[in-house]
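What follows is calculated from the coordinates using simple rules that are stated; it is not laboratory data. Since this is a predicted model, take the numbers as computed values, not measurements. Please note: Cβ atoms are built from the backbone with ideal geometry, for glycine as well, and neighbour counts cover all protein chains shown.
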2 protein chains.
Amino acid sequence: MTTRIPILAEITEANSILAENLRAAFAAEGVLVLNLMASPGAGKTTLLERSIAELNGALKIAVIEGDPHTSIDAERIDAAGVKAVEINTGGGCHLEARMIRAALGELDIAGLDLLVIENVGNLICPTGWDLGEDLKVILVSLTEGDDKPLKYPMGFLTADAAVISKVDLEPYVPADRSTMRENALTINPDLAVFEVSSITGEGMDRFLQWIKQRVADKRSRTS
Amino acid sequence: MTTRIPILAEITEANSILAENLRAAFAAEGVLVLNLMASPGAGKTTLLERSIAELNGALKIAVIEGDPHTSIDAERIDAAGVKAVEINTGGGCHLEARMIRAALGELDIAGLDLLVIENVGNLICPTGWDLGEDLKVILVSLTEGDDKPLKYPMGFLTADAAVISKVDLEPYVPADRSTMRENALTINPDLAVFEVSSITGEGMDRFLQWIKQRVADKRSRTS
């Protein structure tokens, strides 16, 4: 790793400068920006689909979709009725601020309440890259096993909220939602932890209430 | 990415040279080496636990466990009754050949039939790093969604086998094992595809038969 660290530090420094520019642009418009991170298949897109449906027009939302390949997720978000901009990383394992800046060329943030950046499915790489977001949300599905916050602590350490998804599958898997919650809070006691099922809707109210409050806070700081 | 690619190319070139040295060392001993890759929580360790139990001493096995943090998995493999060497990457998203070389300082490969390298839980980063293995096995759980081979094709493109895990959960999730199989074969028609449940044991026979045949082939090339 000794040959990589200094080089990576230069790149992440450039990324941080770009991210601060983005943060200023988002602040000027009063749009709340979430960076949503998770393993592949943890249910990021399904959580967004359910959230969009339940918010039912109460917030003006847009989504930036990061994927290594395909536009499957962007099409799903588009079908859910909100603007989606796709970033294909061509196999890259995380989004970077320069990609978000490019995406904003295709997205008018004026008047938006909430911009969700769905990062590439990866529990490790995205955690070190600032995208100018207000809040980092880490999503982890119960089916991945309740030890995951301990084994992959990086995202939990820096996140504002952890969403435990697929809790409807608890009866069928060797994993326990309360153990996962405890493990997440062991890594970061300041985390807001939510237990949800995007299929049954369980726990969505509390999660969406948390988002709505953060959107209102951001608006009040702008106006 | 332009600033990163040449640097990364140098590192991966050094890695490839080391990997070829490892491959020669493994060949001299006639030990079959598998590089097992998957997302976090796809069930790599559980598959290994079940495989070790079902093989029931028929093969002499050792495991190298790659994890960003903790020794939870190495302890599980140790409890299953085979030698496990832990590599903690300190947050790094994949194993590299130099790490395997270091692990071999703590592992006697003489007389082994099978060495399994359980890579870091990540569906992207490990796929570009040769570890001197004979075979790459990509594991993907049905709970991750049947579109994953299309969205994360890198591992499927270069793998010899794809194992679809957690098929016992098919009745409870919006994913279909035959669709996942088709998607994997769309990316790489040469894949051996297995559908297994490490909990119920479904499909384990065929997967273990495949491994035993590869072990026998390797032994016959050595002796």
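Since only A:T127, A:P68, A:V137 are under comparison, the one whose Cα sits farthest along the positive direction of the charge dipole of the range A:46-152, derived from C-beta charges on Lys, Arg, Asp and Glu, is A:T127. Legend: Rg and Dmax of the range A:5-222, from Cα coordinates, 16.4, 47 Å. Label-to-label distance, A:E10 versus B:L107, with points set 7 angstrom from Cα along the beta-carbon direction: 3.5 nm. Each peptide in A:39-48, B:104-113, A:108-117, A:148-157 gets a packing score, the mean of other Cβ atoms within 10 Å over its residues, and the list from highest to lowest is A:39-48, A:148-157, A:108-117, B:104-113. Entry note, the protein assembly as shown: the mean residue ellipticity at 222 nm calculated from DSSP H runs of n ≥ 4, each adding -39500 (n - 2.57), is -12500 deg cm²/dmol after division by the residues and rounding to the nearest 500. The string of couplings for the range B:170-186 from the Karplus curve (6.51, -1.76, 1.60, θ = phi - 60°) is 3, x, 10, 10, x, 8, 10, 5, 6, 5, 4, 4, 4, 5, 5, 6, 5 Hz, one whole number per residue in order, with x for Gly and Pro. Along the range A:25-41 the Karplus relation, 6.51 cos²θ - 1.76 cosθ + 1.60 evaluated at θ = phi - 60°, assigns HN-Hα couplings of 5, 5, 5, 4, 8, x, 8, 7, 10, 10, 9, 9, 10, 5, 4, x, x Hz to successive residues, with x for each Gly and Pro.
Expressed per residue, the C-alpha convex hull volume of the protein assembly as shown stands at 133 Å³. Phi angles of the range B:213-218 translate, via the Karplus equation with coefficients 6.51, -1.76, 1.60 and θ = phi - 60°, into HN-Hα couplings of 5, 5, 4, 5, 4, 5 Hz per residue; Gly and Pro are given as x.
Across the identical copies, the 7 Å label point of B:A27, projected outward along Cα→Cβ, sits 6.0 nm from its counterparts, in ascending order. Per residue of A:35-44, other chain Cβ atoms within 10 Å of the residue Cβ number 5 on average. Here the calculated FRET efficiency for B:D217 and B:E54, from their Cβ-Cβ distance with R0 = 25 Å, stands at 0.80, rounded to the nearest 0.05. Shielding value for A:143-151 is 6, the average number of Cβ atoms from other chains within 10 Å of each residue's Cβ.
Straight Cα distances below 24 angstrom link A:K212 to the lysines A:K44, A:K60, A:K83, A:K136, A:K166, with same-chain residues fewer than 8 positions distant left out.
Distant-in-sequence amide contacts of A:S141, defined by a placed amide H-H separation under 5 Å and a gap of 5 or more residues or a different chain, comprise A:S165.
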